[in-house]
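Colleague: First, the structure itself, so that you have it in front of you.
The values are calculated or read from the model by the stated rules, or taken from the named source; none is laboratory data. All values derive from a computational prediction rather than experimental measurement. Note that each Cβ is placed from the backbone with ideal geometry, even for glycine, and that neighbours are counted across all protein chains shown. Protein only, heavy atoms only, side chains kept; ligands, DNA and RNA dropped before computing areas. Shrake-Rupley method; radii C 1.70, N 1.55, O 1.52, S 1.80 Å.
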Amino acid sequence: MELKYVPTTCPYCGTGCGFNLVVKDKRVAGIEPWYRAPVNSGKLCQKGRYAHEFIHSKDRLVKPLVRKNGQLAETSWKEALTLVAGKFTTFLHEEIACLSSAKTSNEDNYLMQKFARVVLKTSNIDHCARLCHSSTVAGLAAVFGSGAMTNSIADLEESKCIFIIGSNTFEQHPLIGRRIILAKKKGAKIIYADPRFTPTAKQADLYLSMYSGTDVALLNGLMHHIIANGWEDSAFIAKRTKNFEVMKTVVMQEAYSLPNVSKITGVPEEDLKTAAKWIAHSKPSALLYSMGITQHTVGVDNVKSTANLMLLTGNLGVPGGGVNPLRGQNNVQGACDMGCLPDVYPGYQKVSGPEVRRKMESIWGVGGLPEKAGVTVTELMEELAEGTSPVRCMYVMGENFMLSDPDLNRVKKALEHLDFLVVQDIFLSETAKFADVVLPAACYAEKHGTQTSTERRVQRLRKALDPPGEAKADWRIICELAGRMGYRPQFSYLNEAEIFEEIAKVVPLYGGMSYERLENPDSLQWPCPDRSHPGTPILHTEKFATPDGLGEFSAVEWKPPAEVPDAEYPLILTTGRNIWHWHTGTMTRRSETLDSEVRTGWVELHPEDAEKLGVSNREKVRVLSRRGKIEIPAMVTEDIKPGVVFIPFHFKECAANLLTSGALDPVAKIPEYKACAVRVEKIEPLEQVEPLEQVEQVEQVEQVETVEGKL
């Protein structure tokens, strides 16, 4: 019997927890604590504890698939790659788009964007950060010059006040929740703002029960009260910021007085006063947010408003302070850093800059790189559905937009306008079922690499075993495909370490990193510009990353969501995750322990709304929006605000994204997942139920008569 422990990094959220994969006779038999992991010190949440269970799933992809006579059939790598390479050459540069993945490594993402730009000569490269934190990248970069978490997870323990808004931290980032509890034990005040009384709310000292889509009003109201009482940090504002008076003019309007803000948000005026006082008088104070802030048509405005509040109170550049966006996926920060965005090369270097382009052409040994930014994935889907996009071919790595994107009926229509779709994944996902070619990839336990956590910590993935069957690491597939298309010299890497060496040359933020340095369990946090640099736990300690070194206040007015309740659709729908599952469920629903806890979705209804509808707890109801409808069990609970309903988006049999709106933030192009108008209908016992308006080829999961034991 062969037994070994392989330390690696969790494949789920962006916290960056480490654990040991226990390998027995060439199979991952379990997970054990890795006490040297810097973020979690051996502790794990439910998903991390059972992150091995999907690895040996019976429906892992093990051979390439090619569509023949309308059906996907197994084939050889030679046939599959020859077909893909040949088809790619038949499309013009503007007719092809690539989607990279926040679930794969930095090395995989770096090569996917390089393949798009070098081989396909297109800037049409994007990934799921567009759907979760593109507002953060745009908003914080405008204010601070850098679109990343300013502080480290560990120094949250030094906070005297932690303001959490739009983040159900204790379910979505549980090991960050642990740091919040440790801070609370030291005396920190915890403020939580959200439409739902979540597990995070239950740990708070002050809960602000707000309506979804009123974040700017709430934040402006807090700043109004702070300034009115003279509680702002005048010295910090004078020394480290600009445009304060412009911001002040906006927030001091009568519209943002606490009585008015209370009417807009639904938060009692006294609670707003208490929150403002705690934030202003507790140094240092930290602000944490996640997709409850970003996934709005005003996502960038929301992000800028969080930054305004921390600039106003001088809580930046210090331990225990900062603006701290909690990244959703394990490597969404890294995929952005690697340039998997249509307007920037790796390291956020603008595609439109001639000097940057010449630098990239020199390092990559090619000419003729695209000079203009490409299209975002959200705009692409909209244009494809409308039949106005020039794109006819897509190469997708590890993305499942047939469940993750808003308005799924529109997404299906978009895919029908493609001539050729290639999907590279570990399972035959809902998206892969539409593909012309499916390429089997390795999961996190089957390859070496790095990923970058929400706190900018670059950590190692370590290979524990070989991929199943003929599956291959994503980077190897990309290199083989590039070689077949005449670019073997540019993709001649022997291993992941060689790819990372090139990343360090291309990305200044990673310039001082190497696999050798990352072998230290503490790893490194960017920026790390040279080999002697220790990394940077806290950003902006002396100056901001803006051209003049100053943080820039923004004048932000509150705007309602793109779609508000009316007589036909009287409720606000907001969506999110559950502690037992992850995003589209591709991995967690194949993990027996996790899936046994929660097997299907639900819609949360306040008792007042349920009584009006005549709906009881666990009764199946119909939820409709202007885009689609689903049937789903009701969870009647006082943990949600009246007039608001919540649906988790993991479950294909009651897919929340059949309902959500494709309305976009004008800057970040992020969809408004967190607010759209719906109605809930009671299903009468003798009613002839119409078929669910589900997307074709999304496999139906057998409906259960009761969800008892599953909610």
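Colleague: Out of (1) open to solvent by 10 Å² or more (accessible area, probe 1.4 Å); (2) at pLDDT 95 or above; (3) in a loop (DSSP other than H, G, I, E, B), the odd one out for Gly368 is which?
Modeller: Only one criterion is unmet by Gly368, namely (2).
Colleague: List every residue pair whose Cβ atoms lie under 8 Å apart, where the two residues are 6 or more positions apart in sequence or sit on different chains, the first residue falls within the range 348-360 and is over 10 Å from Glu371 (Cα atoms), and the second residue, located anywhere, is of a type in the set (Lys, Arg).
Modeller: Note: pairs meeting the criteria are Gln349/Lys359; Val356/Lys350; Met360/Arg117.
Colleague: While we're on this one: What's the number of the condition Val438 fails, among (1) surrounded by fewer than 23 Cβ atoms within 10 Å (Cβ to Cβ); (2) more than 29 Å from Gly576 (Cβ to Cβ); (3) of a type outside the set (D, E, K, R)?
Modeller: It fails just one condition, (1).
Colleague: If you don't mind, another one. Given Tyr348, Tyr395, which one is aromatic (Phe, Trp, Tyr), open to solvent by 20 Å² or more (accessible area, probe 1.4 Å) and closer than 18 Å to Arg130 by Cα?
Modeller: Selected residue: Tyr348, the only one of Tyr348, Tyr395 that is aromatic (Phe, Trp, Tyr), open to solvent by 20 Å² or more (accessible area, probe 1.4 Å) and closer than 18 Å to Arg130 by Cα.
Colleague: Keeping to the range 658-685, report how many residues are outside any strand (DSSP E or B), out of contact with any Ser or Thr (no Cβ under 9 Å at 6 or more places or on another chain) and touching a residue at least 12 places away in the same chain (Cβ under 8 Å).
Modeller: So the answer is 1.
Colleague: To continue, here is another question. Within the range 65-172, which strands (runs of 3 or more DSSP E) (wholly inside it) include 2 or more residues that are of a type in the set (Val, Ile, Thr) and modelled with pLDDT of 95 or more?
Modeller: 161-165
Colleague: Assess whether Trp582 counts as being crowded, with 19+ Cβ neighbours inside 10 Å, modelled with pLDDT under 95 and of a type in the set (A, V, I, L, M, F, W, C).
Modeller: Taking the combined requirement at face value, the residue satisfies it.
Colleague: Checking the condition farther than 20 Å from Lys472 by Cα, among the polar types (S, T, N, Q) and part of a loop (DSSP other than H, G, I, E, B), which residue from Ser57, Ser41 passes?
Modeller: The unique qualifying residue is Ser41.
Colleague: To continue, here is another question. Looking for something part of a helix (DSSP H, G or I) and within 16 Å of Ile164 (Cβ to Cβ) - is there at least one such residue anywhere in the range 309-328?
Modeller: There is at least one residue in the range 309-328 that is part of a helix (DSSP H, G or I) and within 16 Å of Ile164 (Cβ to Cβ).
Colleague: Across the range 126-177, what is the total count of residues that are acidic (Asp, Glu) and surrounded by 24 or more Cβ atoms within 10 Å (Cβ to Cβ)?
Modeller: 1
Colleague: Then there's this: Identify the single condition in (1) over 27 Å from His173 (Cβ atoms); (2) of a type outside the set (D, E, K, R); (3) under 23 Å from the mean Cα position of the chain (by Cα); (4) outside any helix (DSSP H, G or I) that Trp475 does not satisfy, given that it satisfies every other one.
Modeller: Failing condition for Trp475: (4).
Colleague: Are there any pairs with C-beta distances below 6 angstrom linking a residue in the range 82-103 that is touching a residue at least 12 places away in the same chain (Cβ under 8 Å) to a residue that is open to solvent by 50 Å² or more (accessible area, probe 1.4 Å) and part of a helix (DSSP H, G or I), with the two at least 6 apart or on different chains, and if so which?
Modeller: Ala85/Arg484
Colleague: Checking Ala37 against (1) open to solvent by 10 Å² or more (accessible area, probe 1.4 Å); (2) closer than 24 Å to Ser101 by Cβ; (3) touching a strand residue (DSSP E or B) at 6+ places or on another chain (Cβ under 7 Å); (4) of a type outside the set (S, T, N, Q), which test does it fail?
Modeller: The number of the failed condition is (1).
Colleague: Return only the number of the condition from (1) in contact (Cβ under 8 Å) with a residue 12 or more places away in the chain; (2) in contact with a helix residue (DSSP H, G or I) (Cβ under 7 Å, 6 or more places away or on another chain); (3) surrounded by fewer than 22 Cβ atoms within 10 Å (Cβ to Cβ); (4) outside any loop (DSSP other than H, G, I, E, B) that Glu470 does not satisfy.
Modeller: (4)
Colleague: Would you mind stating whether Gly213 is on the phi > 0 side of the Ramachandran plot and among the small types (Gly, Ala, Ser)?
Modeller: It is true that Gly213 is on the phi > 0 side of the Ramachandran plot and among the small types (Gly, Ala, Ser).
Colleague: Go through (1) surrounded by fewer than 18 Cβ atoms within 10 Å (Cβ to Cβ); (2) touching a strand residue (DSSP E or B) at 6+ places or on another chain (Cβ under 9 Å); (3) of a type in the set (A, V, I, L, M, F, W, C) for Ala255 and report which single condition fails.
Modeller: Ala255 satisfies every listed condition except (2).
Colleague: Considering the range 615-630 alone, what residues qualify as being closer than 11 Å to Val680 by Cα and either surrounded by fewer than 16 Cβ atoms within 10 Å (Cβ to Cβ) or not β-branched (Val, Ile, Thr) (or both)?
Modeller: Within the range 615-630, Lys620, Arg622, Leu624, Ser625, Lys629 qualify.
Colleague: Please report, ordered by residue number, the strands (runs of 3 or more DSSP E) entirely within the range 539-626 with at least 2 residues that are β-branched (Val, Ile, Thr).
Modeller: Answer list for the range 539-626: 571-576, 620-624.
Colleague: With the condition kept exactly as written, say whether any residue in the range 553-574 is in contact with a Lys or Arg (Cβ under 8 Å, 6 or more places away or on another chain) and of a type in the set (S, T, N, Q).
Modeller: Yes; the residues of the range 553-574 include at least one that is in contact with a Lys or Arg (Cβ under 8 Å, 6 or more places away or on another chain) and of a type in the set (S, T, N, Q).
Colleague: Give the residue, chosen from Tyr192, Tyr211, that is buried (at least 20 other Cβ atoms within 10 Å of the Cβ), assigned to a loop (DSSP other than H, G, I, E, B) and of a type in the set (Ser, Thr, Tyr).
Modeller: Just a single option satisfies the conditions, and that option is Tyr211.
Colleague: How many residues are hydrophobic (A, V, I, L, M, F, W, C), open to solvent by 10 Å² or more (accessible area, probe 1.4 Å) and under 16 Å from Ala275 (Cα atoms) when one looks only at the range 195-208?
Modeller: 2
Colleague: How many residues does the range 479-501 hold that are over 25 Å from Arg462 (Cβ atoms), surrounded by 19 or more Cβ atoms within 10 Å (Cβ to Cβ) and in contact with a Leu (Cβ under 7 Å, 6 or more places away or on another chain)?
Modeller: 1
Colleague: From (1) of a type in the set (Phe, Trp, Tyr); (2) open to solvent by 10 Å² or more (accessible area, probe 1.4 Å); (3) under 29 Å from the mean Cα position of the chain (by Cα), pick out the condition that doesn't hold for Trp231.
Modeller: (3)
Colleague: Against the condition open to solvent by less than 10 Å² (accessible area, probe 1.4 Å), assigned to a loop (DSSP other than H, G, I, E, B) and either out of contact with any Lys or Arg (no Cβ under 6 Å at 6 or more places or on another chain) or hydroxyl-bearing (Ser, Thr, Tyr) (or both), how does Gly339 come out, does it pass?
Modeller: yes
Residues are listed down the side, and each one gets a yes or a no for (1) at pLDDT below 95; (2) under 15 Å from Gly213 (Cα atoms); (3) not hydrophobic (A, V, I, L, M, F, W, C):
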{"residue": "Ile237", "(1), (2), (3)": "no, no, no"}
{"residue": "Thr265", "(1), (2), (3)": "no, yes, yes"}
{"residue": "Asp271", "(1), (2), (3)": "no, no, yes"}
{"residue": "Leu287", "(1), (2), (3)": "no, no, no"}
{"residue": "Ser305", "(1), (2), (3)": "no, yes, yes"}
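Colleague: How many residues are free of Cβ contacts under 8 Å to residues at least 40 places away in the same chain and either surrounded by 24 or more Cβ atoms within 10 Å (Cβ to Cβ) or touching an Asp or Glu at 6+ places or on another chain (Cβ under 7 Å) (or both) when one looks only at the range 415-431?
Modeller: Total satisfying the criteria: 3.
Colleague: May I ask you to verify whether Arg457 is open to solvent by 10 Å² or more (accessible area, probe 1.4 Å) and within 15 Å of Asn106 (Cβ to Cβ)?
Modeller: Considered against the rule, which asks whether it is open to solvent by 10 Å² or more (accessible area, probe 1.4 Å) and within 15 Å of Asn106 (Cβ to Cβ), Arg457 comes out as yes.
Colleague: Restricting to the range 425-453, name every residue that is in contact with a helix residue (DSSP H, G or I) (Cβ under 6 Å, 6 or more places away or on another chain) and polar (S, T, N, Q).
Modeller: Across the range 425-453, the qualifying residues are Thr431, Thr450, Gln451, Thr452.
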